[in-house]
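What follows is one structure encoded as structure tokens, with my remarks underneath.
The values are calculated or read from the model by the stated rules, or taken from the named source; none is laboratory data. Quantities reported herein were computed from a predicted structural model and do not represent experimental measurements. Here the Cβ positions follow ideal geometry from the backbone for every residue, glycine too, while neighbour counts run over all protein chains shown. Calculation scope for accessible area: heavy atoms of the full protein, side chains included, ligands and nucleic acids excluded. Shrake-Rupley method; radii C 1.70, N 1.55, O 1.52, S 1.80 Å.
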Amino acid sequence: MAPVLLALVLFSARSFSLMHDCGHNTLWSTTWCNRLTGFVLGCLNAIPQFPWSRGHAFHHKHNGNWDVYRGPSSLLSVNQFLKLSPAAQWRYRVIRHPLMLFPGGFFYLVIRPRLQLLLGVAEFIGAALKHAVQFPRTSPQGWRRFVLSFKSSHWYTTGEWMDLLANNVVVIASWYWMASWLGLGLFLSCYSFVMACSAAMFICVFFVQHNFSGSYTSGTEGWSYFKGAIEGSSNLVLPGFLNWFTADIAFHSVHHLCERIPNYRLRECHLLHSELLKRCTYLRLSDIPRCFDLILWDSNELELVSIHQAQMKAS
């Protein structure tokens, strides 16, 4: 089973990378093809593609502006961290330990979208009951306006809600079918392993491509989109087979310079403009562990630092 599970982990990571392209509307030439393919690939990874892509677009729009966007781990500034209690500082350190990529990744893919749907529906029911009590004579047209105008804290648009609902229906149905076919124990053990490892893999890649020594970490004042792309995005030096399974997202600076470049053109564009990308950071696999020490933003020096560095500066 080990080779099969490893292959599933890698193909799951590639499907997520291709889903990422669909979110940028670049895998295919038409929007409807990207939406359909993105939905299918999202179901394979148990995550609603449309809401995810809208959140990812926010990252591209503000990359390098750490007043607005603090990365996938929602890092704290040094001042915020030092104000925490010792117990809260310990929790912060533990939650952002590299080993937490596995349970955190499993939660991100498997549990969070189901939880979002349940909590959002509960919000809707509560709002509908409150509306019924306050306005007992609401007409059918009034109820229609209420439904269409309802805003949940777990989705922002009707399109996101529909994608979240459809994803949950397909994913839960596939779980039931696979558990009936393989047996609940075998399915859950294999599925949990694959999802946790694949999520850990692409979250790790995403993290180190923006959290590294010397990364551009500006505040809102003076922030530059182009510096965020070139100096706030690292490029990974990976073996060829890993480049294929991650759909060449290792060439990340050029991706941030122009998100409309599809994955199958990233390498070509990077090499074509290599002279202009000399200032970019290039990380090898051996450099990755050190990136996970940099989990605080020094808003005064505009740099990423470790907890040890922050404490040394404060003492």
> Which one of Tyr156, Tyr92, Tyr69 is of a type in the set (Ser, Thr, Tyr), at pLDDT 95 or above and closer than 30 Å to Gly219 by Cβ?
Replying inline: Tyr92
> Residues of the range 36-54 being surrounded by fewer than 19 Cβ atoms within 10 Å (Cβ to Cβ) and more than 26 Å from Leu188 (Cβ to Cβ), which ones?
Replying inline: Leu36, Thr37, Arg54
> Does Glu221 meet the test of being at pLDDT below 95 and open to solvent by 10 Å² or more (accessible area, probe 1.4 Å)?
Replying inline: yes
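For the range 1-81, please list each of the helices (runs of 4 or more DSSP H) lying entirely inside it that holds at least 3 residues being farther than 21 Å from Asn168 by Cα.
Helices (runs of 4 or more DSSP H) meeting the threshold: 2-23, 49-62.
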> Taking Ser77 and the conditions (1) surrounded by fewer than 17 Cβ atoms within 10 Å (Cβ to Cβ); (2) in contact (Cβ under 8 Å) with a residue 12 or more places away in the chain, which numbered condition does it fall short on, given that it satisfies the others?
Replying inline: (1)
>> So Asp21 passes all but one of these: (1) charged (D, E, K, R); (2) under 26 Å from Leu115 (Cβ atoms); (3) open to solvent by less than 20 Å² (accessible area, probe 1.4 Å). Which condition number does it fail?
In response: (2)
>> If Leu5 satisfies all but one of (1) within 30 Å of Ser189 (Cα to Cα); (2) touching a Gly at 6+ places or on another chain (Cβ under 9 Å); (3) surrounded by fewer than 20 Cβ atoms within 10 Å (Cβ to Cβ), what's the number of the condition it fails?
In response: (2)
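Assess whether Tyr282 counts as being assigned to a loop (DSSP other than H, G, I, E, B), hydroxyl-bearing (Ser, Thr, Tyr) and touching a residue at least 40 places away in the same chain (Cβ under 8 Å).
No: the conditions fail for Tyr282.
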>> Test of understanding: among Leu304, Leu277, which residue is closer than 22 Å to Asn243 by Cβ, in contact with a strand residue (DSSP E or B) (Cβ under 9 Å, 6 or more places away or on another chain) and open to solvent by less than 50 Å² (accessible area, probe 1.4 Å)?
In response: Leu277
> Condition test on Leu117, is it over 17 Å from the mean Cα position of the chain (by Cα), under 30 Å from Val205 (Cβ atoms) and of a type outside the set (Val, Ile, Thr)?
Replying inline: yes
> Given Arg267, Arg279, which one is charged (D, E, K, R), farther than 30 Å from Trp90 by Cβ and at pLDDT below 95?
Replying inline: Arg279
>> Residues that are open to solvent by 40 Å² or more (accessible area, probe 1.4 Å) and touching a His at 6+ places or on another chain (Cβ under 7 Å): list the helices (runs of 4 or more DSSP H) wholly contained in the range 93-212 that include at least 1 such residues.
In response: 112-134
